Structure formats: structure tokens, C-alpha cells
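Reviewing the structure listed below.
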Amino acid sequence: MPAENAATPGTGPVAVPAESPLLRVDDLHTSFHVADGEVRAVRGVSLTLDRGRTLGIVGESGSGKTVLARSIMRLNIGGNVSTSGNVEFEGRDLLGLPLNAMKNLWGTELAMVFQDPLTSLNPVVRVGRQLTEHVRSHVGVSRAEARQTAIDLLREVRIPDAEARLRSFPHELSGGMRQRICIAIALACEPALLFADEPTTALDVTVQHQILNLLGREQRDREMTMILVTHDLGVVAGRTDDTIVMYAGRVVEQAPTRALFTEMRHPYSEALVQSIPRIGQRSHTRLSAITGRPPDPIDIPPGCPFSPRCPYAQQKCREEPPPLVAVSDAAGGASHLAACWYPVGTDAGRDAFARNLADRLPQTVVVAEGSEFTESAAATAASDSSEDGGA
Amino acid sequence: MRLVATLLFVTFVTFMATSLLPGDPVNALIPIEAQQDREFVEQLREEWGFNDPLPVRYGRWLGDAVRGDLGNSYVTGRPIIDEITPRLPVTGELMVVTVLLGILIGVPLGLLSGYREGSRADKAVSAFAQIGLSIPNFVLGLMLIYVFAIRLRWLPATGWTRISDSVTGNLKTVAMPAIALAVAEVAVYLRVLRSDIIITLKENYILSARAKGLTDRFILFRHALRPSSLTLTTLIGLNIAGLITGTIVVEQLFAIPGLGRRLFSAVFQRDYMMVQGLTVLLAAAYVIINATVDFVYMAIDPRIRRRA
Amino acid sequence: MADPTELQPLQEDGQAPALARSLPPFRVRVGRSLWNAFREMPWPTRVCASWLVLIVTAAIFADWIPGLQDPNYQGFLFGKGKTLDPPSMEHWLGTDNVSRDILARVVHGARTSLIFAGGVLLCGLVFGGLLGSAAGFLRGRFEAVVMFYVDVSLAFPALVFFLFAITMLNRRGLGIMTVAVSLLTIAPFTRIARANSLSVSNREFVTAARAIGTSRPRILVREIIPNVYPTLVAYSLVVAAVLILLEATLSFLGIGVPIPRASWGGDINMGRRDIAINVWPMIPPIFALVMTILSVNVVSDWLRGNAASRSSAL
């Protein structure tokens, strides 16, 4: 089958100087228009990603992280989606391209591994075909070559008995194997940028580790750039170079991962770290969940979106949304940004906390009386992650 | 197997109903004069086994039927099987052509309107399906006859040319009856496929396929069609019953020498044996076709194969 | 404002509480909700619903419509009318090949269809509904026998069975038609009723009724059946279209309603003989038939919230 997609203009290689970033996102907004109103899932996100680096995007359900990833890849398909802003990939403006042109990029330059490997694979199509159909359509290899490619890919992702597996159906395989296949599918055409959207959430804990290691290894071997989207801070620790924390469609903190864990500045990041149960805690320690719920994306209140749940919140927080600005940081320098009026670890922050505690603000009281407080918890998290990292 | 049990039961019920007829079956088989002699009639009845209990008679009939002997027509005296054999390919061809037309037209239309849900094309196609379902097949047949046979004179109004005699002639005679039947099939297949496609296109694996850069056409035909065909396949099987009814009507209207028309004339002639034979045949065909549907299921969806 | 769903205590004088008294009587509420439903319909559905109302009214009150002629009066025998007459002031839709008034025949044909469809539906609803509900509720051998009957019924294509039946019984007519088809139609109603009854029987309020010692027939009548019937009624509308089609087909083939009686299918059949000479006499019954079937389909689709032309929120 000949390559179908080669001739569309705007998708050929663009001469890009080696130092410029692979991906640049500028003030991205994505909204869904539904019967009840406008759901503003992404509200002004900007980021930059250099070649070969790994970016982690962290946030709870509804924070907009999946919509962000899909908006960058322009996989939000549906008549009611509107995306605005600027997305520059390898020097090309992605948002301006027609969808037909995007089809040339999907799979070849940009690829995504989805959350649930069971529903992401077609149940009535054999694995072998699902591995290579896009290779044949983009590159135009023969059937025999495609078959060999498929076997090589399966071996690369450590699936035993690769030749026999080609004729299997997805439901005949375990969850971990299915996700490996999804990863192999994503890597088949050697993309420059790989998105992994919650790649381990649907898997057993023992398998999660293997999959994340696989992703890391593939990225290093292929010198690929990767964006890892997850709700689990433990996943990004030690596996990503930089991390973005999202809340209610906005970036609330952005830093090199190390710095994020050792010196977090945003109360939400702090709360996320604190909510991770530690093995060293005494038994029957109460888990510290973040009180309250994320705001309804149709009807977001003014001011900082986290203020209703924030232990440090002051009146200013409820009125004015804080801008994303650089914060002082022992290690990160100018690359550590946070959107907070009273950041954690600063005098302003500590004062705000003390004032709230004196006023007996419920979320502050809960945090103060809960398990181990900020600095020691963050420090423990950082030291845990440095032991986990690596193949 | 349940199939065999159902078949047996259906044929038994038919047989039993026939045997409840008023009138003496023996009398139908012998000349009038002989009927006067009561003793002779009784003797014949004993000899020919008409006095045996019902299950025995049924068993005997079944044994004969399996070997192809369905008895003789009361009216013509000829073996029923001889009347069935030449007509079977005629009705068979009509039904096959109808289903083929239904699939060839209904599947692409269903795919199209499911893919472009809510568009004007979709609304137009759905409206057409709605109307197509509401026009009876004989009305459609009459309209076709009026336009193509009477006004335009392109096609013959009635009659049938066998394939063995002339392929083009055969096509001309099968065209209008098949279209008259196929319109309703197209409408039904289209609707069912459309709603399944709409559901399937929302699945995660379709998004995965898009993210690989595959074209929409490839995704529709090679990823979405197969998982969406289950309901359609069941429906084709279920619709055969309606199709059998339809062929009876259409054979009457277009004077096609098929099984349906023969059944009809047998009814008018009160040819009980013929009616019984044909009824059994048609009901059995229906049961068998539905069982075949189950096999097709397994071919379509590999997840079902395990439990076979 | 007080929550209207809260139970209000009875007033001391035994009257219903104030809120209940302020509602208009049931008849009026039904009438108003029908009217509201009508206003909500898109215009094609409205046209179809209006047609149905028109045709049913005409069918019921056919004998009392002023000026409607006798559908069986063959004027030409008495030198009074012409055969195959085009529409005129005297015969609004013209006359057929034996000079009967076509308009009158169409109206009376509606009556035939209505009687047939109504009769079969009634049997199906009553017998099928009862049988199925009881089967789903009582289970055991009774259920097995009932479902066996259902499976066998469904194994016979309707027309084949019908041909078989009229051969064996050697009779024709509207009555025999209705009875024979009813026998077959009970089956799908039974099946649906049983499926619904199975799930309803497992619900808590049935268990509760049993627990307080309610007798089984009473439970069946007061708890199971009222919950099963809405689905059956919705299904009836679908079956109605099929039945109208069936009656027309049978009459067209000459094995349905005997000739003198007006029937859309039968009239189409008669028009067929002279189709080359004059195609008109077939047209009004064809139109009435197609329009009625279409209207039933459209209205039942809309009632099930499933209009074919509605687009989704994608």
C-alpha cells in the first residue's frame, strides 16, 4: 500500500536550529460548548519543551491535563470544541494546520499512549495489524517488511514469543502486555514527541513500575521527547526533568522536578505531596486528603481557583487571580514559577498560614493538626524518588 | 442441538395440523366410484397406514421427507418434491438478490449517515429510510410496474426468465421484484448500522486509530465496521421471515414461478399435502437461516469464539 | 414554597389537602398534556399526528359523516353512475371500475384496518400481557410452557401461517383474519411482558408485598402488571403499523377481507387490473395506506424520543 499522506503541504521537514525548543505552547485555551454553557477546560497554559527532555504534567481529575495534551496534539474531535492560542511544534504552527495535514503528523512526529490499554485497542483486529497499519500507510513498506517491523517492536518492548503474538487479539493478553503493545504502536514510526496520558493508571501496581521503566528506556534510546501526564506525583518523581502542576485549567506551579519536590512553592503542590501515604508513618495515621472539591469548570469563581481549599488563602486570593511568576529558589533559578500570592516557604506564606490558624480556618486547622508538616514530608518524597529512578 | 429440536417440532406441528383436517385423506387419493365402497376404503386406510397413531405416521412421513419424498399433491398427483425442485432456485435467487441489494446499498448509506451524524446528508438518508419502511412492497411493486413496464416499457411487467436461458433476460425479470423487496431491507439495515456506528465511533480505539494518523475512510471500513455489524447480522437473519412473506406477495404480483406462488395456488386449490410440504419447507428454511446467523457471529467477533 | 411531593396531612374535615384540591381534574390534565405534546412536535410529526387523528375519527364515525356515499353502491347497474369516473363534484375522488365512490371506500377501508389492527392489538395486549406477566412472575413450569409456545409461534412466518390456517379451516373474512393473526401476535407481547415482569418481580416493592402476605394473584394485578404495561403500550404502536400493512397485504392477495367489504389493499388489487387504462383508482387507497403507516411510524418514533432526523450532541 503506497504512502497516502506524503504530499500535503505544511508537513514536510522544516529547518529548525538545534537550540530552539521542540514544542512551544503560548496561552492555550480550550473550551467545550455544551447545553449548560461553556466548559473551560484549559485556561491560558504556556510551556516550552526542549528536545530530549521529559515533561511531567500533574493534576487531579478535571484539572485539564488530558485536555491540554489532546489540545496540543489536536485530538479533541467534536463540533463543540474551540481552541485558541499558539502551539508551535518543530517550528510549525499546529493550530493553523487543517486536520488533513495533522493526519500526516499523527503517528509519525507526534504520538500518544492512552490510559486504558483494553479499550484503546480494537478488540476485533489482530495485534499484528494494529502495530503496523499506520507504518504501512505512512511509510509504504511491504507486508513482509511491516511484519518484521512488528516483530522487532514487540521484542523491543519485551513481549515474549513475538511471532506468535502477532496473531493474537487484545483480549487474549494481560493488561501489562496490552500497554506495552500500545507503547510499541506509538513508537512504530519513530515520533519526535511522545505523550503518555496516564499510562499506568489502569494497571496493577507491580506492572506500573515496569511500564514506566520501559517508557524511560525507550525515550533514552531513541532520544525522544516525552510528556508524561498523570495524577500521581510518585510517577513524575525521578522520571521527568521538569514538571507542571495544573489546577482548574491553569498552571499553578512549574519547575525542574527536583526543585519542585525539595522546594515547592504552591499550596496545592504541597497538599498533593502531603496526601501521599508514606511507608514510614505510624500505623493508623490519618490520610491527609485535600478538603473540598475542584471548581465546576462551567462556573469558575473569581480569584485563585484553589482559594476555597487553600490553607494559606487570604482575602486577596479570593479576589485576584495570582499571575504565574518566578519564585525564589535555591536551585531552580529563573525556571521555577508559581501562581500564588503567599507561596509556601516564604515569609509571606508563613504569616498567612499563621493568621489562618489563629482564625481557625477549617482547612488550615486540618493541615496543622494532621500528619507530618511541609518540609519534612517534601524532603522525604524527594529522597524516596531518587532511589526509584532508573531502569 | 436446539436447531434440530426446533425443526422437528415445527414440522410435527404442521403435520399434526394437517391431520386434523376435515375430510378423508384416503378419499382424495382414489377415484369417486371407489369411495362408495366403505369396506374398500377402510381396507385401504388400514393398508396405507392411515389408521396408525399420529406419532407413527409422523415418523413415517419424516423418514420419507428426509429421503426427499414429501408425498404427492392431492390435485396434480405428482410428487411434491418434483414441484419444489424447479421452483427453489427461483425463489432462492430472488431472496439472495434482495439481501445483496440491501447490503450493497444499505451498508454504505448506514456508514455514511453514522459518520456524518446530524448533517444534512444524514437527515436526508434517514428521512428516505423512514419513507421506505412505510411503503408496502406490493405498492412499490405496482409503482415500479407502472413506471418501467407500462409507461417506459423498459422491463417486462410479469414473468421470469431463467439464468440458464438468458442472463440479461433473467436480470430484467428479477430487477423490479428485487427492488420492491429490497427498499424495506435497505431502510432497516441502514438504520441499524447507523446507530451502531455512532456508538462505535465514540470508542477509545477509534481515537487511538486517529492518533496514528489513519485516514477516516480506513478507520470507518477497517476499524469501525466490523464491531458494528453484530446487530445487523442478527437482523438479516430475523428479517428472513419477513422476506419469505414478501417473496410470496411479490411472486404473486409479478407472476414469478417460485415457491411462494405455488403455495398460494395450493391454498386456493385446497391441496393440503402441497400446502403442508411447502409450509414445512419454508419454516425449516427460516430456522436454519437463523442458526447460521450464530455461526456468522463467531466469525465477526473473536471474543465470542471462546465460548463456542 | 412547600415541596409538592411531600405528604400533606388530611384536613380535619376529611377533605383532600389544599394542594390536591387546586389541581384540575384528571381529564383536563391529560388533555392539556396531549396538547403540549402536540405543540412540541416538529412539523412533520405534527402533520402525521393530525392525519392519524383524522383517519381514526373518520373510521369510527364513517356512517355518520354527512354526505358520504355508500361504498358498495354500484350506480352503473342502475344507469346512474359511470365507472372509472375522474374526480367530480359528485364523487370527490372519482369512481372505481364498478362505479363505487372512491372517497367512501377509502374512509370505510380505514375502518376495516382499524378494526383489524385494534382487535389484534387488544388480544395481544390483554392475553399476551397477562400471560407474559404471569410467566415472569410465577416462573417454573408455567413459564416454561408459555415460553415454548412463544418460541414456536415466532418460528412461523406470519403469512405462511396464515395461508396454512385458512387452507385448513377453509374460511375467509375479517373475523378469521383477526383471530389467526392474534394467535401469532400474542407471542411477541408475551415475550416482552415476561422480560419486564422478570425484572419487576425482583424489585423490592414486590418482595415487600409478599412479606406482608399479599396473595400472588393480587400482587400480579396490582404491582406487576401496572409496571409492565407502559412498555407494552409503546410496543403496540410499532405493531400497529405492521398490522395495517399485513391487512393490506392479505386483502391485496385476495385472502383477506372478502370483496364487497372496503379495504385499502383490496381496492388496490382491483385497481391493478385496469392499471394500463386508468391508474387513478389505485391512487387514493395507496396514498391513505402509505400515509397511515408512515404516520404511525413517525409518531411512535417521536414518542420514543427517537426521531430519525434528530442530531446528537456530538
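Using per-residue counts of other Cβ atoms within 10 Å, averaged over each peptide, order C:55-66, A:151-162 from highest down. Numbers along the way, then the final one.
Numbers: C:55-66: 13.3, A:151-162: 16.5.
Packing order, densest peptide first, comes out as A:151-162, C:55-66.
Do you know the relative contact order of region A:125-169, to the nearest whole percent, from alpha carbon pairs under 8 angstrom that are 6+ apart?
Reported relative contact order: 55 percent.
As an exercise, use a Förster radius of 60 Å and the Cβ-Cβ distance of residue C:122 and residue B:221 to find the FRET efficiency, rounded to the nearest 0.05.
Efficiency, from the Cβ-Cβ distance: 0.80.
With the convex hull built on the Cα atoms of chain B, state its orientation-averaged projected area in nm².
Hull-based average projected area comes out at 21.2 nm².
In peptide A:298-307, how many Cβ atoms from other protein chains are near each Cβ within 10 Å, on average?
Partner Cβ neighbours, averaged per residue: 0.
Based on the mean of other beta carbon atoms within 10 Å per residue, what is the order of B:5-16, C:280-291, B:175-186, most packed first?
By packing density, highest mean first, the sequence is B:175-186, C:280-291, B:5-16.
Where Rh is the Kirkwood radius over the Cα pairs of region A:45-135, the temperature 20 °C and the viscosity 1.002 mPa s, what D in µm²/s does Stokes-Einstein return? Don't skip to the answer; put the middle values down first.
Values: Rh = 15.4 Å.
Calculated translational D: 139 µm²/s.
Report the net charge of residues surrounding residue B:171, where surrounding means a beta-carbon distance below 14 angstrom and charges are Lys +1, Arg +1, Asp -1, Glu -1. If you can, show how the numbers build up before the last one.
Values: positive: B:162, B:172; negative: B:93, B:165.
With Lys, Arg at +1 and Asp, Glu at -1, the neighbours total 0.
Under Stokes-Einstein, with the Kirkwood radius over Cα pairs standing in for Rh, what whole-number D in µm²/s applies to region C:34-163 at 10 °C and 1.306 mPa s?
Once the numbers are plugged in, D ends up at 84 µm²/s.
Based on Cβ point charges of +1 for Lys and Arg and -1 for Asp and Glu, what charge dipole magnitude is obtained for the protein assembly as shown about its Cα centre, in debye rounded to the nearest 20? If you can, show how the numbers build up before the last one.
Values: 95 positive and 90 negative charges, 378 e Å.
Its charge dipole is roughly 1820 debye.
Binning every alpha carbon pair distance of region B:234-289 at 10 Å from zero, what are the percents per bin?
24, 51, 23, 2
Give me the percent of Cα-Cα pairs in region A:152-254 that sit more than 16 Å apart, rounded to a whole number.
Distances greater than 16 Å cover 59 percent of the Cα pairs.
Calculate how many DSSP beta bridges within the protein assembly as shown are antiparallel, expressed in % of all such bridges and rounded to the nearest 5.
Around 65 percent antiparallel, to the nearest 5.
Sort all Cα-Cα distances of region A:80-236 into consecutive 10 angstrom bins from zero, then give the percent of pairs in each bin up to the one containing the longest distance.
Computed distribution, short to long bins: 10, 38, 36, 15, 1.
Answer with one residue from A:353, A:176, A:52: the one whose Cα lies farthest towards the positive end of the charge dipole of the protein assembly as shown, charges on Cβ with Lys, Arg +1 and Asp, Glu -1.
The residue sitting farthest along the positive end of the dipole is A:176.
Given the options A:237, A:164, A:368, which has the most mean-square fluctuation in a GNM of chain A, springs set between C-alpha atoms less than 10 angstrom apart?
Between A:237, A:164, A:368, it is A:164 that shows the largest mean-square fluctuation.
When 1/r is averaged over all different Cα pairs and the result inverted, which Kirkwood radius in Å belongs to region C:169-314?
For region C:169-314, the Kirkwood estimate is 18.7 Å.
In sequence order, what are the phi-derived ³J(HN,Hα) couplings for region C:97-108 according to the Karplus relation 6.51 cos²θ - 1.76 cosθ + 1.60 with θ = phi - 60°, rounded to whole Hz, with x for glycine and proline?
6, 10, 6, 8, 6, 5, 4, 5, 5, 5, 5, 6
Take peptides A:223-230, A:344-351, A:266-273 and line them up by average Cβ neighbours within 10 Å, highest first, as a rough protection proxy.
A:266-273, A:223-230, A:344-351
Check residue A:44: other-chain or 5+ apart residues with amide H under 5 Å from its amide H, H built from backbone geometry?
Distant-sequence amide H within range of residue A:44: A:28, A:29, A:30.
With θ set to phi - 60° and the Karplus curve 6.51 cos²θ - 1.76 cosθ + 1.60, what are the ³J(HN,Hα) couplings of region C:290-305 in order, to the nearest whole Hz, using x for Gly and Pro?
4, 4, 5, 4, 4, 5, 4, 4, 5, 5, 5, 4, 5, 4, 7, x
Mind counting lysine pairs for me in the protein assembly as shown? Cα separation below 25 Å, and the two need to be 8 or more apart along the chain or on different chains.
Details: A:65/A:103; A:65/B:202; A:65/B:212; A:103/B:202; A:103/B:212; B:123/B:202; B:202/B:212.
The number of close lysine pairs in the protein assembly as shown is 7.
Counting only other chains, and only Cβ atoms inside 10 Å, what mean value do you get across the residues of A:258-270?
Values: counts 0, 0, 0, 0, 0, 0, 0, 0, 0, 0, 0, 0, 0.
Partner Cβ neighbours, averaged per residue: 0.
Once you've got the GNM for chain B with C-alpha springs shorter than 10 Å, pick whichever of B:159, B:260, B:246 has the biggest mean-square fluctuation.
Evaluated over chain B, the most mobile residue of the options is B:159.
Mind putting together the pair-distance distribution for chain A? All Cα pairs, 10 Å bins, whole percent per bin, short to long.
Reading the bins upward from 0: 5, 21, 30, 25, 13, 5, 1, 0.
With unit charges on the beta carbon (Lys/Arg positive, Asp/Glu negative), name the residue among C:53, C:137, C:68 whose Cα is farthest towards the positive pole of the charge dipole of region C:44-184.
Ranked along the dipole, the leading option is C:137.
In peptide C:272-279, what is the residue-averaged number of other protein chain Cβ atoms found within 10 Å of each Cβ?
Per residue, the average neighbour count from other chains is 3.
Provide the per-residue ³J(HN,Hα) series for region B:201-217, in order, calculated from phi with Karplus coefficients 6.51, -1.76, 1.60 and θ = phi - 60°, each as a whole number of Hz, with x at glycine and proline positions.
Those phi angles translate into 5, 8, 6, 5, 5, 6, 4, 4, 5, 5, 5, 8, x, 6, 6, 4, 5 Hz.
Quick one: if the Förster radius is 45 Å, what FRET efficiency do residue A:316 and residue A:210 give, using the C-beta to C-beta distance and rounding to 0.05?
0.45
Translational diffusion coefficient, Stokes-Einstein: compute it for the protein assembly as shown using the Kirkwood radius over C-alpha pairs as Rh, at 10 °C and 1.306 mPa s, and state it as an integer in µm² s⁻¹.
Details: Rh = 34.9 Å.
The Stokes-Einstein estimate is 45 µm²/s.
All of the numbers you see were taken from the coordinates with simple rules; none came from a lab. Computed from a predicted model, the values in this text were never measured in an experiment. Glycine gets a Cβ as well: all are built from the backbone with ideal geometry, and neighbour counts include every protein chain shown.
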